[in-house]
Amino acid sequence: MTGHPTSERPQPLIVGAGPAGIRAAEALVAAGLRPLVVDEAPACGGQIYRQRLAPDGRSSRDLYGSEAAKAETLHRDFAALDGKLDYWPQALLWNLRDGRADIMIEGTSRQVAYDGLLLATGATDRTLPLPGWTLPGVFTLGGAQIALKSQGCAIGSKVVFLGSGPLLYLVAWQYMKAGAKVAAVLDTAPFAAKFNLLRGLPLFPGIVLRGMRMTAELKLAGIALHYGVGDVRIEGASKVEAIAWRQDGLEHRLTCDGIGYGLALRSETQLADLAGCRFAFNARDRAVLPERDAAGRTSVPGVYLAGDGAGIAGADAAERAGERVALALLQDRGLPHDAARAAALEAELARISRFREVLEAAFPFPAHWVRDIADATTLCRCEEITAGEVRAAINRFGVHELNRLKAVSRVGMGRCQGRICAAAAAELLAHEAGRGIEAVGRLRSQAPVKPVPLTLALTAQQEAAE
């Protein structure tokens, strides 16, 4: 499904082949356009509908559970676009400048011009540092899910899942169904918070009941569910050996050799930043996100956002948002578009957004954890900076803003450029400075947005010269 633009006008460029990117591509192709779809994964589907690397005997039901039909439909619909779009898998868009995109593919850099940029860049796990979180055997929930879906393996022979959010229970349930030994699920939220899910029944009864069924099946399988856990530490000399926590004033400890950890998700916004989009604080996501209207238009003409990369809302919302931004692009080009369909999509997205409020109440972010992060705990893995060193920098230099903190402490200067540590650094800065999380800002993104080989600079220059 690879190829080159054939028309003189540059193609629309879609970044991401998950639910949002696929539906955007489908709508543009239906309108007679030929978009270029760039995706880092070897196959379409995104994180939630990630495909296995090679046939391994598992069925779609084994991989996706109750979402198998949605996954199969999405994969099939994208395959049906073969020959009607250009598709570059295993390609990393690492820079945007002057209406052109720098893309790494097969070890070389290619530069393409685009007319319409649809960013469907997805999300990654959000975490806070805790003792032992950098030990081998600790994975994010998303990483644990990738191991299971793509490679058909578990992250340990006795696994504990820790955190908050629907993904916590989903991944634990998927591991249990795959036959892995799940020792416990440790939820940072109190059990009482789950009663908020009842408010979601009128909006999406199927999702709420499915979540309840998963929880019930975990309990029936003998898996211990603990709520309101805190003071968590992961123990081990050179790898995970146990996890300890406090609950209702009592100490608990459990041996294990694998831990899946995550405190919900954070949006991948680096490319929106490079595209020049205006950002604003979003209280629900506790993050500074690119601004967009109901159709997905940003502050930059011709740049659109869809899916979790624009704000966490889930796969169903991503599909609808992907189609909606494609209709917006058609409208902005003066091409025929279905206004009634656009209005219906916006209404569905608004309903999902209301449900998202319910989920936030049921799975709240444990913001209070930040005050208890021990000074010796590593906060920035890339630069090996501890929470104590960050606190010292904040107090020594009177820091109140995140980029200033980066300059004086090197937090966020490593390979991940803050993708892992910035959220935690912002929480720590806000706490130490006595400010709200909305007042400390965000790290400015720079190219390359993800690590690339040094040799890429040479091929990029050659591409530009040609």
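The values are calculated or read from the model by the stated rules, or taken from the named source; none is laboratory data. None of the values given here were measured: they were computed from a predicted structure. Cβ sites come from the backbone with ideal geometry, for glycine too, and all protein chains shown count toward neighbours. Only protein heavy atoms, including side chains, enter the accessible area calculation; ligands, DNA and RNA are left aside. Shrake-Rupley method; radii C 1.70, N 1.55, O 1.52, S 1.80 Å.
Looking at the stretch 1-155, the DSSP beta bridges with both ends there are about 55 percent antiparallel. Report the one residue of 361, 376, 350 whose Cα lies farthest in the direction of the positive end of the charge dipole of the chain (charges on C-beta: Lys and Arg +1, Asp and Glu -1; origin at the Cα centre). Of the options given, the answer is 361. Per-residue ellipticity at 222 nm computed for the chain from its helices equals -10500 deg cm²/dmol, with DSSP H segments shorter than 4 residues left out and the rest contributing -39,500 (n - 2.57).
Check every DSSP H run in the chain and write down those whose alpha carbon atoms cover 18 angstrom or more along the long axis and whose mean Kyte-Doolittle hydropathy is -0.5 or greater.
205-220, 315-332, 339-362
Pairs of Cα atoms nearer than 8 Å and 6+ residues apart set the relative contact order; for the stretch 267-337 it is 26 percent. Evaluate the relative contact order of the stretch 167-253 (contact order divided by residue number), counting alpha-carbon pairs under 8 angstrom at least 6 apart; express in whole percent. With pairs under 8 Å counted, the relative contact order is 28 percent. Working note: Debye formula, equal point scatterers on the alpha-carbon atoms of the stretch 255-396, no solvent; log10 I(q)/I(0) at q = 0.15, 0.16, 0.20, 0.21 Å⁻¹ is -0.89, -0.96, -1.24, -1.31. Taking the DSSP bridge list for the chain and keeping only pairs wholly inside it, about 50 percent are antiparallel.
Mind checking the alpha-carbon convex hull of the stretch 241-326 and giving the volume per residue in Å³?
Details: hull volume 12.3 nm³, N = 86.
Considering the Cα atoms of the stretch 241-326, their hull volume per residue is 143 Å³.
On the stretch 4-156, 51 percent of the accessible area sits on carbon and sulfur atoms, based on a 1.4 Å probe.
Can you tell me the equivalent ellipsoid semi-axes for the stretch 1-148? Use √(5λ) from the Cα gyration tensor, largest first, whole Å. Before the final figure, lay out each step's value.
Values: eigenvalues 171, 87, 33 Å².
Semi-axes from the Cα gyration tensor: 29, 21, 13 Å.
By the beta carbon rule, with partners counted only under 4.7 Å, the chain holds these lone Cys residues: 44, 153, 256, 277, 382, 416. Remark: C-alpha extents of the stretch 153-207 on the principal axes read 39, 23, 11 Å, sorted largest to smallest. Averaging the sequence gap over all C-alpha pairs within less than 8 Å and six or more residues apart, then dividing by the number of residues, gives the chain a relative contact order of 18 percent. Dipole magnitude for the chain: computed about the Cα centre from +1 point charges on Lys and Arg Cβ and -1 point charges on Asp and Glu Cβ, it is near 580 debye. Counted residue by residue at 0.36 nm each, then reduced by the alpha carbon distance between them, the extension gain from residue 111 to residue 225 reaches 36.0 nm.
At a Förster distance of 35 Å, what's the computed FRET efficiency of residue 435 paired with residue 151, Cβ-Cβ distance as r, to 0.05?
Efficiency, from the Cβ-Cβ distance: 0.25.
For a straight C-alpha distance cut-off of 18 angstrom, the aspartates and glutamates reachable from residue 406 (same-chain residues fewer than eight places away being disregarded) are 273, 375, 383, 384, 389, 427, 432, 438. If you sort the three axes of the alpha carbon gyration tensor as a ≥ b ≥ c, you get a/c of 1.5 or more for the stretch 142-265 and a/b no higher than b/c, which makes it oblate.
Placing unit charges on the Cβ atoms of the charged side chains and taking the dipole of the chain about its Cα centre, the candidate lying farthest along the positive direction among 43, 108, 124 is 124. Among 293-301, 138-146, the peptide with the highest mean count of other Cβ atoms within 10 Å heads the list, and the full ranking is 138-146, 293-301.
Kirkwood analysis of the Cα pair distances in the chain returns a hydrodynamic radius of 23.1 Å. Panel note: the C-alpha atoms of the stretch 1-80, placed on their principal axes, show extents of 45, 22, 18 Å (largest first). Where a ≥ b ≥ c are the square roots of the eigenvalues of the C-alpha gyration tensor, would you call the stretch 277-354 rounded, which needs a/c under 1.5, or, failing that, prolate if a/b is larger than b/c, or oblate? In terms of gyration-tensor shape, oblate.
Taking a straight line from the alpha carbon of residue 194, these lysines sit under 20 Å away, with near neighbours fewer than eight places off in the same chain left out: 219.
I'd like to know how the stretch 363-466 sits against the 2.2 N^0.38 Å rule of thumb: what's its Cα Rg over that expected value? Mind showing how you got there, number by number?
Working: Rg = 16.3 Å, N = 104, 2.2 N^0.38 = 12.8 Å.
This ratio for the stretch 363-466 stands at 1.27.
If you plug the beta carbon distance of residue 97 and residue 407 into 1/(1 + (r/R0)^6) with R0 = 22 Å, you get a FRET efficiency near 0.40.
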